[in-house]
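Single-structure report; data block below.
The values are calculated or read from the model by the stated rules, or taken from the named source; none is laboratory data. Note that the structure is a prediction, hence the values are computed from the model and not measured. Don't worry about glycine lacking a Cβ; one is built from the backbone with ideal geometry, like all the others, and counts go over all protein chains shown. Note: accessible area is taken over every heavy atom of the protein model, side chains too, but ligands, DNA and RNA are not part of it. Shrake-Rupley method; radii C 1.70, N 1.55, O 1.52, S 1.80 Å.
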Amino acid sequence: MIKTWELDPNFKEEIMNERGGEHLTACFQCSTCTLGCPIIDYVPTYNPRKIIQMSLLGMRKEVLSNPDLWVCLICQTCTARCPQDVRISDLLGAIRRIADKEAEAGKIKIESSRPIFDKAFQHQLAKYGRLYDMGLAKEYYPKREGSFFKGMMAMMNDYKDFGMRMFKKGKMGPKAMFPEKVKDLAVMKKIFEEMGEK
Amino acid sequence: MGIAVIGGGAAGITAALDLANSGYKVYLVEKNAELGGKMAELAECKVGLSPKIVEIENHPNIELMLSSELESLSGSAGNFTLKVSGTKVEAESVILAPGYDVFDNIAKSYGFGSPDVVTSLDFEGMLRASTASGELLRPSDNKPVKKIGFIKCVGSRCQENEICSTACCAYTAKEVWVLKERFPKMDVSVFYMDIRVFGKDEELVAELKDKYGVKYIRSRVPEVIPERGSLKVKYEDLKKGAIANLDFDLIVLAVGLLPSKTLGRLSEITGVKTDEYGYVETSITSPLETNVPGVFACGTATAPMKVRESVAQASGAALKAAILAQRTEPIPGQEERKYIEVGDEQKIGVFICGCEGEVSDSVDIPAVVEQVKQLRDVVLVNGDTNTTKEVLEAIESGIVDQGLNKIVFAGYTPREYETIFRDSVAKAGLNPYLLEFVNLREQCAWVHDKAEATVVAGDMLRMAVGRARYLEAIQIEQYPVIPKALVIGGGVSGMNAALGIADAGYDVYIVEKESELGGGLRETGELQSGEKASDILKDLADKVAKNKQITVYKNAKEENVSGRAGSFKANIVGDGVNEELEFGACVIATGAKEVAPEGYSGNDVITQAEFGKMLGGTVSANTIAMIQDVGVGVDAKYSSIELVANALKAKEKNHNVNIFVLYKDIKTYGKWEVLYKEAREKGVIFLRYETAPKYEGGIVSAFDVILNDDVQIKPDLVVLSTPTVPAEDNERLSKMFKVPLKKGFFMEAQERPKMVLTPVDTVNEGVFICGSAVYPAMIDECMAMSTAAASRACVLLAKNFMETPAVSSVVDELICVGCGVCVDVCPVEAIELTEELVPVVTFGVATVVSAMKKVAKVGDGCIGCGSCASYCPSSAMSLKHFRDRQLYAQLDYAL
Amino acid sequence: MSVTKLAYYPGCPSDATAMEQDMSTKAVFEKLGVELVEVEDWNCCGAAEVEDPELVYALNARNLAIAEKEGLDIVTPCSICYYNLERSNQALKADEGLRAKVKGIDSSLDYNGKIKAKHVLDVFVNDIGLEELSSKISKKLNLKIAPYYGCYISRPPETGFDDPDDPDTMDKLIELMGGEIVPFSQMKTLCCGGPLMMTRSDIAFDMAMKILDTAKSAGADCIALACPLCGMMLDGKQADIEKALHVEIDMPVVYITQLLGLALGIDANELGLNKNVVDTKDILGKVV
Ligand SMILES: Cc1cc2nc3c(=O)[nH]c(=O)nc-3n(C[C@H](O)[C@H](O)[C@H](O)COP(=O)(O)OP(=O)(O)OC[C@H]3O[C@@H](n4cnc5c(N)ncnc54)[C@H](O)[C@@H]3O)c2cc1C
Ligand code: SF4
Ligand code: SF4
Ligand code: SF4
Ligand code: SF4
């Protein structure tokens, strides 16, 4: 039972004010996005159309804490096909960013490690200007697992074969142990300060 | 001079014929080598259009310019000079009917190149082919198709084509219906977003779902995946709230309509403006006028639409164009005709037409010719013709050059071609009733295999020649046409129809039962286009008042109608009047009215019409629930449009108001789709229900099928879209004017089931209908239709005399399935269903087995209106001359 | 030939997991006589992990501005880099306010919309052209190939340069080189699962498996692709997928630049064909 008066009618504006969320209200609930989405074959509850409808109604809490938000591949299939140019891929990104802020503020709990990974990734960019795989892994795994030790174990588990394989092919040599840095690091810092998530 | 019609599709053909039949010279310009436009490609439609094409080809007033294009236009209204493929044409006015193109930029995700994914246009071709072969085969491997999926809105309501194509919901329903009729076991699913059909199409869809077991599934399907020899479609099973799959043998994409590619150039040449979607720009109050005076537009050139609306616009445009032109040509059939005396010597000519393969493919014509030659009194047998044009020429020269005095024609159905053939015979100087028809196509070629067909054809012809011997010339009586019209109802449609007829130069009487003109529109504040309804009404009423040819009777009603097309009589009774009027044609424009739906009550419950008025002032509500489509009555074509327009206005007035729309199908057809989009963009929330929402204790509750959950709203205003019901007087008028009603609305004459080429004509010749009296519609459609009704009335009023018909219906008991459709449509209740012993298995013409079955029986009351013939789904009814009927009775047993 | 010099944006994996792509790209362009000038001090495009569009625009404004100073269009072998560069280019070009905002961060982000970002595949087929290429091709690929395009070559439509559902740029190139395309239409643009590798590897593996399996059942000798993330998933992780899903796949995965290099007669090691994880020896044997 959805009681509309208990919902947040401003949620749609909140999303539309977020970059990428501008086209939310154009949606006419046609299902194109959902039916073409590759994820529906793996996550039966996954339904971008429904996330949109819930957002339109103002079901802020349900939407932001929906773990399905985090399985989107950003593959753009939905965006390419949406007849109303809703740009679902970007839109879900906008909703994820709102969710992330809420989680940071301790208001909701996100049941996905994806925000941790994305942030760890961005931290590498802010720091080095380029992706530093080791740095990313070192930040991501411990945060995901909740402790440094568990994190390292998980990382070992994921990487032991893979790392070896890469190493054998000369793709994970000693060079990869150190970050490749952009010379003009100051500008990276500025970019993230001005545009990045606060 | 004359009138140039650009485009020879359904619209162009209709406009040209209306004009030519009222004595105007017409130049019909068609860029293709053949007439017919898109309709010629449609399975069921072609049959309906062909007789009109034949009429045009043989029309003395029409100069047909095929494979031609307009190259330049100069001058102004009343005096245009056109260059058409190098030829100079002078015309007083121009009608643009260049039609549409279909969407062809189809996403590869529909089948990834599989030949079993076809467009609806291709599918029409497959359906047509299946008529002959009796099978529907899959293109990839020629295996019979068992499961078909239709995907709607392909290339409509999307980024490449923002608007709704209007026709595809209905044409898909028609295709599915034809399919299910032909292949009852076919498993059919239709994937859709909103079902945008009205009136009869709405009933058809309901029937498809309930009776034919067609699955209508709400999903805009984006891909079709070829998998293990079939086509997989994923859809959302909203009931289960899960994704599901279905496999199909064939997928049909209901492709959308786009403005004709030639419109750009036409617009450059003529200076006619196109709108943002690429269609000719017209307005809601002048749907047929372009920005260039003297240049009119009609049909799918102005917006995507169905044939019915296209041809209504075409008739309307014809009148507008005619008003600017001089009548210079004689009206066909109005010339004095002298017929040759038929002496004792019988000279029978037999003409067997191949009908473009439809007969010659199944019947061995040369063999039949040999047989027929042996028959007594047959002096000429011609089996060499293949088209109607050829056979008509052959018949004419047979009469003129060889002195034939009885004609037997074997080929197409008499139902659609009878008039053309009789007219042709008459023109050649033979009494038109000395012609005998043999329906070789429907009754022989289509129902028998080749070996059998030739035998049956021989038998049928032998009998026909026998009958022809007994045919006698019939004296045709003429009576003068009274050049005046009666318009019933003084709303927008009635006033506009009256003005149209008056502008064409005829006297018009308007009878209005209320004390003032204006009708339903008086209740409306602002139109969806922004214009004030009262301005439009005032403008029309002023014009009516100023027009000396129009007499208005207010507070009055018509009684005691008698007579027939061209010469009617009625009494006008009312406030201090009781006059007898005589008129040649009548236009019924009684409108419709809204009713407050039941089940919702409270001070805060109002109708959309009331809300529309409220929007003129202040709206204090913070949360508004709009509920669509409830109660008895019909869903007006403007209902969804009114709803989204009002919601949008309310949002524009106060951005913070919460508006929830509870809907079943949002039917913002055509360009109105953008209003729907704007409403969403402004933040109106749309919730889809399947069972009617409830309003209790200040709470609206509905089960939202999209969220698969109950949704509750606490509105401080509930706005209802009200159902529309027919005007009270329709029942009485129906009896008086012998025009049947359906659900209380007037019914047009149909060429064949599910197909309307004469949207404002009725089964009672001379009585025309328009506006919401036919179906509650938007103003632009009412304006177009009422001009069309005026146009059709003027075609009749232009004649000096009419001929008394002497025909009635006969049932072919062999074919009749006893469905009873004719019983329902007969306006004079002349048909009943009876159990009779009839042949059920025949060999040739010999009855092998007889059995009792239900068949229709036509009684003596029949007025020969032809309704039953046009509605009969099995083509068992046809019109026959009285004398024919007697002959049938005498001869068929004797021979 | 219209293209003689391009700015080269290698992307982050270029010196690690996708070094063979970097190597082969450089070798091929050299052979084709197109000079590549590496974007000086380029920074990461944001990949798929930076979701805020404006942050992506700012990051790439810097890359674009550097190339713009050289007056060169940017070419990249990575599909995500291409997407990020080109969408930033289009957004910045179209929106003066955005340009000003980005420039406000730092003057090195002052980009004026004068260049374009291009994917190598686009450059090969549409700029250099098949005719030109065919004149330089010296070897025939006697291979059955499953062309895998992934997400960003043809999606979203603003940046995509091929049909979103059934692209054929790579097909044309492969056919030119004598390769045979196996039936693969429905897989061509299906996501490889890469974006979920780190957070939902279960899904990612299943998705990659679908692609590998289809190629295998279609009888492909190898999969050809044009994105390092797809490469990582389909090649780098193939052994992990085999293990997790208990299957044997053994499907070589090569970059289209490597295949083109072979056809142009470049030495296999110079193209990094010894760096692909799944062994490519069988492929090399079929290049004649
Ligand atoms: C698959 C499909 C099925 C349909 N089924 C139905 C149905 O069952 N019922 C229904 O009501 N509607 C149906 N429709 C819609 C129907 O086809 C149209 O409403 C109708 O054909 C419109 O007629 P028209 O004369 O306006 O246009 P058209 O039929 O397109 O005719 C326009 C004509 O103008 C000619 N022309 C164009 N430009 C020029 C020029 N510059 N100079 C000279 N000539 C020119 C064209 O060659 C063409 O002959 C269907 C549509 C489709 C796509
Ligand atoms: S495809 Fe677009 S319009 Fe359709 S449901 Fe998804 S977001 Fe809404
Ligand atoms: S971008 Fe996300 S929601 Fe859209 S199709 Fe890809 S996985 Fe599905
Ligand atoms: S909703 Fe409109 S565009 Fe879609 S199928 Fe129906 S009529 Fe056509
Ligand atoms: S033709 Fe005769 S029987 Fe048929 S509907 Fe008309 S009146 Fe009735």
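Can you tell me which residue among B:THR328, B:THR282, B:THR270, B:THR262 is away from chain A (no Cβ under 14 Å), more than 16 Å from ligand 4 (Cβ to nearest atom) and surrounded by fewer than 17 Cβ atoms within 10 Å (Cβ to Cβ)?
On the way: B:THR282 fails: surrounded by fewer than 17 Cβ atoms within 10 Å (Cβ to Cβ); B:THR270 fails: surrounded by fewer than 17 Cβ atoms within 10 Å (Cβ to Cβ); B:THR262 fails: surrounded by fewer than 17 Cβ atoms within 10 Å (Cβ to Cβ).
That would be B:THR328, the only listed residue that is away from chain A (no Cβ under 14 Å), more than 16 Å from ligand 4 (Cβ to nearest atom) and surrounded by fewer than 17 Cβ atoms within 10 Å (Cβ to Cβ).
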### Query
How many residues are in contact (Cβ under 8 Å) with a residue 40 or more places away in the chain, part of a loop (DSSP other than H, G, I, E, B) and touching a Pro at 6+ places or on another chain (Cβ under 7 Å) when one looks only at region C:158-172?
0
### Task
Could you tell me which numbered condition A:ILE39 fails, if it satisfies all but one of (1) under 30 Å from B:THR623 (Cα atoms); (2) open to solvent by less than 10 Å² (accessible area, probe 1.4 Å); (3) not aromatic (Phe, Trp, Tyr)?
(1)
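What number of residues within region A:133-143 satisfy the criterion of being farther than 23 Å from A:ILE110 by Cβ and more than 9 Å from every other protein chain (Cβ to nearest Cβ)? Lay out the reasoning, then the answer.
Looking only at region A:133-143, we keep the residues that are farther than 23 Å from A:ILE110 by Cβ, and these are A:133-134.
Remaining after also requiring more than 9 Å from every other protein chain (Cβ to nearest Cβ): A:134.
Counting residues in region A:133-143 that are farther than 23 Å from A:ILE110 by Cβ and more than 9 Å from every other protein chain (Cβ to nearest Cβ) gives 1.
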#### Entry: Only listed residue being more than 21 Å from B:ALA107 (Cβ to Cβ), away from ligand 5 (no atom under 16 Å from the Cβ) and either more than 14 Å from chain B (Cβ to nearest Cβ) or open to solvent by less than 20 Å² (accessible area, probe 1.4 Å) (or both), chosen from A:ILE116, A:ILE74
A:ILE116
### Query
Can you name the residue in region B:186-231 that is farther than 20 Å from B:ALA167 by Cα, open to solvent by 20 Å² or more (accessible area, probe 1.4 Å) and within 14 Å of chain A (Cβ to nearest Cβ) and, of all such residues, is nearest to ligand 4 (Cβ to nearest atom)?
B:GLU223
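A quick yes/no check of all residues on (1) surrounded by fewer than 21 Cβ atoms within 10 Å (Cβ to Cβ); (2) more than 26 Å from the chain's Cα centre (by Cα):
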site	(1), (2)
B:GLY490	no, no
B:ASN496	no, no
B:TYR509	no, yes
B:ALA541	yes, yes
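Can you find a residue in region A:105-112 that is facing chain C (nearest Cβ under 10 Å) and either assigned to a helix (DSSP H, G or I) or of a type in the set (Gly, Ala, Ser) (or both)?
Quick first cut of region A:105-112, residues facing chain C (nearest Cβ under 10 Å) only: A:112.
Next cut, either assigned to a helix (DSSP H, G or I) or of a type in the set (Gly, Ala, Ser) (or both) only: A:112.
Looking through region A:105-112, at least one residue is facing chain C (nearest Cβ under 10 Å) and either assigned to a helix (DSSP H, G or I) or of a type in the set (Gly, Ala, Ser) (or both).
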#### Entry: Selection from region A:77-90 of residues that are open to solvent by 10 Å² or more (accessible area, probe 1.4 Å), hydrophobic (A, V, I, L, M, F, W, C) and touching a residue at least 40 places away in the same chain (Cβ under 8 Å)
A:CYS78, A:CYS82
#### Entry: Those residues of region C:157-175 which are within 11 Å of chain B (Cβ to nearest Cβ) and within 15 Å of the chain's Cα centre (by Cα), in sequence order
C:ASP162, C:PRO167, C:ASP168
### Message
I'd like the full set of residues that are open to solvent by 20 Å² or more (accessible area, probe 1.4 Å), part of a helix (DSSP H, G or I), more than 16 Å from ligand 4 (Cβ to nearest atom) and aliphatic (A, V, I, L, M), limited to region B:291-325.
### Response
B:ILE323
## Note on the structure
Within region B:800-818, the residues that are away from ligand 5 (no atom under 14 Å from the Cβ) and open to solvent by 50 Å² or more (accessible area, probe 1.4 Å) are B:ASN800, B:GLU803, B:GLU813, B:LEU814, B:ILE815, B:VAL817
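Does C:TYR148 satisfy being crowded, with 18+ Cβ neighbours inside 10 Å, touching a Cys at 6+ places or on another chain (Cβ under 8 Å) and at pLDDT 95 or above? Explain how you work it out, then say what you get.
Values: crowded, with 18+ Cβ neighbours inside 10 Å: yes; touching a Cys at 6+ places or on another chain (Cβ under 8 Å): yes; at pLDDT 95 or above: yes.
Answer is yes for this residue.
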### Query
Of all residues in region C:176-215, which are away from chain A (no Cβ under 14 Å) and either under 18 Å from the mean Cα position of the chain (by Cα) or buried (at least 18 other Cβ atoms within 10 Å of the Cβ) (or both)?
C:LEU176, C:MET177, C:GLY179, C:ILE181, C:VAL182, C:PHE184, C:SER185, C:LEU212, C:ALA215
### Message
The conditions are (1) in contact (Cβ under 8 Å) with a residue 40 or more places away in the chain; (2) over 25 Å from the mean Cα position of the chain (by Cα), and B:GLU336 fails exactly one of them. Which is it?
### Response
(1)
## Note on the structure
Within region B:575-600, the count of residues that are more than 30 Å from the chain's Cα centre (by Cα) and surrounded by 17 or more Cβ atoms within 10 Å (Cβ to Cβ) comes to 3
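Does A:THR4 count as at negative phi, without any contact (Cβ under 8 Å) to a residue 60 or more places away in the chain and within 16 Å of ligand 3 (Cβ to nearest atom)?
Working: at negative phi: yes; without any contact (Cβ under 8 Å) to a residue 60 or more places away in the chain: yes; within 16 Å of ligand 3 (Cβ to nearest atom): no.
For A:THR4, the condition - at negative phi, without any contact (Cβ under 8 Å) to a residue 60 or more places away in the chain and within 16 Å of ligand 3 (Cβ to nearest atom) - is not met.
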### Query
Consider C:LYS140 against the criteria (1) within 14 Å of another protein chain (Cβ to nearest Cβ); (2) in contact (Cβ under 8 Å) with a residue 60 or more places away in the chain: it satisfies all of them except one. Which criterion is unmet?
(1)
### Message
Suppose the filter is surrounded by fewer than 24 Cβ atoms within 10 Å (Cβ to Cβ), in contact with a Lys or Arg (Cβ under 9 Å, 6 or more places away or on another chain) and under 30 Å from A:THR32 (Cα atoms); does B:LEU246 pass it?
### Response
yes
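Residue-by-condition table, conditions (1) of a type outside the set (Lys, Arg); (2) outside any loop (DSSP other than H, G, I, E, B); (3) surrounded by fewer than 24 Cβ atoms within 10 Å (Cβ to Cβ):
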site: B:ALA4; (1), (2), (3): yes, yes, no
site: B:ALA11; (1), (2), (3): yes, yes, no
site: B:ALA16; (1), (2), (3): yes, yes, no
site: B:TYR24; (1), (2), (3): yes, no, no
site: B:LEU35; (1), (2), (3): yes, no, no
site: B:LYS38; (1), (2), (3): no, yes, yes
site: B:GLU55; (1), (2), (3): yes, yes, yes
site: B:LEU64; (1), (2), (3): yes, yes, yes
site: B:SER72; (1), (2), (3): yes, yes, yes
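Could you please let me know if A:ALA103 is touching a helix residue (DSSP H, G or I) at 6+ places or on another chain (Cβ under 9 Å), more than 12 Å from ligand 2 (Cβ to nearest atom) and open to solvent by 20 Å² or more (accessible area, probe 1.4 Å)? Reasoning before the result, please.
On the way: touching a helix residue (DSSP H, G or I) at 6+ places or on another chain (Cβ under 9 Å): yes; more than 12 Å from ligand 2 (Cβ to nearest atom): yes; open to solvent by 20 Å² or more (accessible area, probe 1.4 Å): yes.
The answer is yes for A:ALA103.
Report yes if some residue within region A:118-127 is part of a helix (DSSP H, G or I) and within 14 Å of ligand 3 (Cβ to nearest atom); otherwise report no. If you could, list the steps in order and put the result at the bottom.
Going residue by residue through region A:118-127, those that are part of a helix (DSSP H, G or I) are A:118-127.
Pick out the ones that are also within 14 Å of ligand 3 (Cβ to nearest atom) and you get none.
Within region A:118-127, none of the residues are part of a helix (DSSP H, G or I) and within 14 Å of ligand 3 (Cβ to nearest atom).
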### Message
Which numbered condition in (1) modelled with pLDDT under 95; (2) farther than 27 Å from A:ASN47 by Cα; (3) surrounded by fewer than 17 Cβ atoms within 10 Å (Cβ to Cβ) is the only one that B:LYS714 fails?
### Response
(1)
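Looking at the structure I just gave you, is B:LEU82 open to solvent by less than 20 Å² (accessible area, probe 1.4 Å), modelled with pLDDT of 95 or more, part of a strand (DSSP E or B) and in the same structural domain as B:LYS25 (by TED's automatic domain parsing)?
Values: open to solvent by less than 20 Å² (accessible area, probe 1.4 Å): yes; modelled with pLDDT of 95 or more: yes; part of a strand (DSSP E or B): yes; in the same structural domain as B:LYS25 (by TED's automatic domain parsing): yes.
Judged against the criteria, B:LEU82 is a match.
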#### Entry: Those residues of region B:663-678 which are within 11 Å of chain A (Cβ to nearest Cβ) and out of contact with any Phe, Trp or Tyr (no Cβ under 8 Å at 6 or more places or on another chain), in sequence order
B:GLU673, B:GLU678
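Let's see how each residue does on (1) within 16 Å of ligand 3 (Cβ to nearest atom); (2) under 24 Å from the mean Cα position of the chain (by Cα):
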residue: B:SER109; (1), (2): yes, no
residue: B:THR119; (1), (2): no, yes
residue: B:GLU124; (1), (2): no, yes
residue: B:GLY134; (1), (2): no, no
residue: B:ASN142; (1), (2): no, no
residue: B:ASN161; (1), (2): no, no
residue: B:CYS164; (1), (2): no, yes
residue: B:ALA167; (1), (2): no, yes
residue: B:TYR171; (1), (2): no, yes
